[in-house]
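Structure first, then comments.
The values are calculated or read from the model by the stated rules, or taken from the named source; none is laboratory data. Just so you know, these numbers come straight off a predicted model, no measurement behind them. Using ideal geometry, Cβ is built from the backbone for each residue, glycine included, and neighbour counts are taken over all protein chains shown.
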Amino acid sequence: MSLEAPAPMRLRRATMSAITLLGGVSLAVIPAATVSIASRLFTSAEQGVIAVAVTVATFAGQLAFAVIVESRLSSAGTDRRVVFPLWLAAASVVAGTAIVVAGPNVVALAVGLPVLVAALEVGRGVSVAERLDRREIWASLLVGLGALAGVLAGFAGQSWALAPLVAGIVAATVVRCMPVEHRASRPEPRVMGWVVADTAITGAVYPLLNAMILAFLGPAEAVLFAAISTVSGLLAIPLNFMRLRLLKEHSTLDIVVSAGAVVAAVVALLIAEALGLFGFLFGDAWSQSATLLPLLLACAWRAASLATTIPFAALRRRGEVALLTGLRAIVSVLTFALAAAGLAVGSLWAVFAGLLVAELASALIYEFARRRRVARSAVAGAG
């Protein structure tokens, strides 16, 4: 999509992109709502376990997305079409039912949450990639309303507070798995292997890091890390949206829309912090800690992904899956090392500072690799 397209078409596409992008808030609120409800229903020790479970669920969602969506979008020799698989929808319904029946049970929540988040990640990814914008708007509303009802019930101390949260996820899953006219492309096995490998290498860093925070700094810091990561994850919504669109084709318009949304999200988060909304949402884990500096660094870390995503998606479109897996391994080691160094300082702000430095270095690594590939192709074409 180019900025040179006719103005009415460009405006309409930008408007639908912005609405769909905003719908991504529904995905980001699930971890936040889970941590908020847990702060009212579970003990401090159980909250630490749930905080780690939230990061594990995010990792599970990334893996499912890699297998079902990204591997197909990265298979340059196919039509690169994706659909929401019915088996994942069924698994989400079963997991949601189990959580509701079990009530406020830490084991049921820790086991079921990864399945629910995987369904959310894949469902939204399919809708964004295939531009199923109207369907995605309804699904996002269902998730958001369920999360809101669950958080309000948690504030009231109701033991059933998880039920509306889960019901919203399941309802959105049903909407997202409705039939479509196209069929999913069969991913190239080699491409799928590389995509899943580099996703696993990268995604494993954060649950491992949060588990280390739980072990060395205690449950309160683990909950706070999960809360700040979740709140700053609002910035990941436009970045993930941009990544999905760029995996299909380069779009200056989507980059501009996403960058504007990142700036708006940072402003919104700082206003919410100044008003004390996060302390009200997450309870003592937030209100009794110095959170402004860690939050600023977490926002900078997320925003730096803008510079990383553009060359990363360009390499994906070129089919450079093996190269990207190697680069992601290097980046993951660097990220974990710098974040662990921050952990050694004994403060969360140092952990987020390490993540920020690693993200900036990653952007340079990906851009250097992209330019080398482009130069090599130009030489080969001239020859």
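Output the number of the condition that Thr199 fails; it satisfies all remaining conditions of (1) closer than 17 Å to Leu27 by Cα; (2) surrounded by fewer than 24 Cβ atoms within 10 Å (Cβ to Cβ).
(1)
Working only within segment 103-113, note down all residues that are assigned to a helix (DSSP H, G or I) and either farther than 14 Å from Ser92 by Cβ or not β-branched (Val, Ile, Thr) (or both). Show your work before the answer.
First, pick out the residues of segment 103-113 that are assigned to a helix (DSSP H, G or I): 106-113.
Val106, Val107, Ala108, Leu109, Ala110, Gly112, Leu113, listed by residue number.
Suppose we filter Leu120, Leu116 for residues that are assigned to a helix (DSSP H, G or I), touching a Ser or Thr at 6+ places or on another chain (Cβ under 7 Å) and either aromatic (Phe, Trp, Tyr) or in contact (Cβ under 8 Å) with a residue 60 or more places away in the chain (or both); which single one remains?
One residue alone meets the criteria, Leu116.
Which residues, counting only those in segment 24-60, are over 30 Å from Arg243 (Cβ atoms) and part of a helix (DSSP H, G or I)?
We begin by selecting, within segment 24-60, every residue over 30 Å from Arg243 (Cβ atoms); these are 39-49.
Result: Ser39, Arg40, Leu41, Ser44, Ala45, Glu46, Gln47, Gly48, Val49.
Here are some conditions: (1) outside any loop (DSSP other than H, G, I, E, B); (2) of a type in the set (D, E, K, R); (3) in contact with a His (Cβ under 7 Å, 6 or more places away or on another chain). Glu136 meets all but one. Which one does it not meet?
Against the list (1) outside any loop (DSSP other than H, G, I, E, B); (2) of a type in the set (D, E, K, R); (3) in contact with a His (Cβ under 7 Å, 6 or more places away or on another chain), Glu136 comes up short only on (3).
Residues Thr335, Thr309: which one is among the hydroxyl-bearing types (Ser, Thr, Tyr), in contact (Cβ under 8 Å) with a residue 60 or more places away in the chain and under 18 Å from Ala200 (Cβ atoms)?
On the way: Thr309 fails: under 18 Å from Ala200 (Cβ atoms).
Criteria check complete, one pass: Thr335.
Scan segment 170-222 for residues that are within 30 Å of Trp349 (Cα to Cα) and of a type in the set (Ser, Thr, Tyr) and jot them down.
Correct list: Thr199, Thr202, Tyr206.
For segment 154-196, how many residues are under 29 Å from Ile99 (Cα atoms), touching a residue at least 60 places away in the same chain (Cβ under 8 Å) and either β-branched (Val, Ile, Thr) or buried (at least 17 other Cβ atoms within 10 Å of the Cβ) (or both)?
Looking only at that region, the number is 15.
Inside segment 170-208, can you point out the residues that are among the hydrophobic types (A, V, I, L, M, F, W, C) and in contact with a Gly (Cβ under 6 Å, 6 or more places away or on another chain)? It would help to see each step written out before you state the result.
Keep residues of segment 170-208 that are among the hydrophobic types (A, V, I, L, M, F, W, C), which gives 170-172, 174-175, 177-178, 180, 184, 191-192, 194-197, 200-201, 204-205, 208.
Correct list: Val170 only.
Could you check, for segment 218-228, whether at least one of its residues is assigned to a helix (DSSP H, G or I), free of Cβ contacts under 8 Å to residues at least 60 places away in the same chain, among the charged types (D, E, K, R) and out of contact with any His (no Cβ under 7 Å at 6 or more places or on another chain)? Can you show your working first?
The first filter runs over segment 218-228 and keeps only residues assigned to a helix (DSSP H, G or I), leaving 219-228.
Add one more test, that the residue is free of Cβ contacts under 8 Å to residues at least 60 places away in the same chain, and what stays is none.
Looking for residues that are assigned to a helix (DSSP H, G or I), free of Cβ contacts under 8 Å to residues at least 60 places away in the same chain, among the charged types (D, E, K, R) and out of contact with any His (no Cβ under 7 Å at 6 or more places or on another chain), one finds none in segment 218-228, hence no.
From the list Gly319, Gly326, pick out the single residue that is not in a helix (DSSP H, G or I) and not aliphatic (A, V, I, L, M). Reasoning before the result, please.
Values: Gly326 fails: not in a helix (DSSP H, G or I).
Of Gly319, Gly326, the one residue that is not in a helix (DSSP H, G or I) and not aliphatic (A, V, I, L, M) is Gly319.
Output the residues belonging to segment 84-105 that are closer than 17 Å to Phe42 by Cβ and among the β-branched types (Val, Ile, Thr).
Passing the criteria: Ile99, Val100.
Taking the criterion of being assigned to a helix (DSSP H, G or I) and at pLDDT below 90, would at least one residue in segment 160-175 satisfy it? Full working, then the answer.
Residues of segment 160-175 that are assigned to a helix (DSSP H, G or I), as a first pass: 162-175.
Okay, now just the ones that are also at pLDDT below 90, so none.
Among the residues of segment 160-175, not one is assigned to a helix (DSSP H, G or I) and at pLDDT below 90, which makes the answer no.
Within the set of pairs 6+ apart or on separate chains, which have a first residue in segment 86-100 that is in contact (Cβ under 8 Å) with a residue 12 or more places away in the chain, a second that is surrounded by fewer than 20 Cβ atoms within 10 Å (Cβ to Cβ), and C-beta atoms under 7 Å apart?
From residues that are in contact (Cβ under 8 Å) with a residue 12 or more places away in the chain, the pairs are Ala89/Val174; Ala98/Ala108; Ile99/Ala108; Val100/Ala163.
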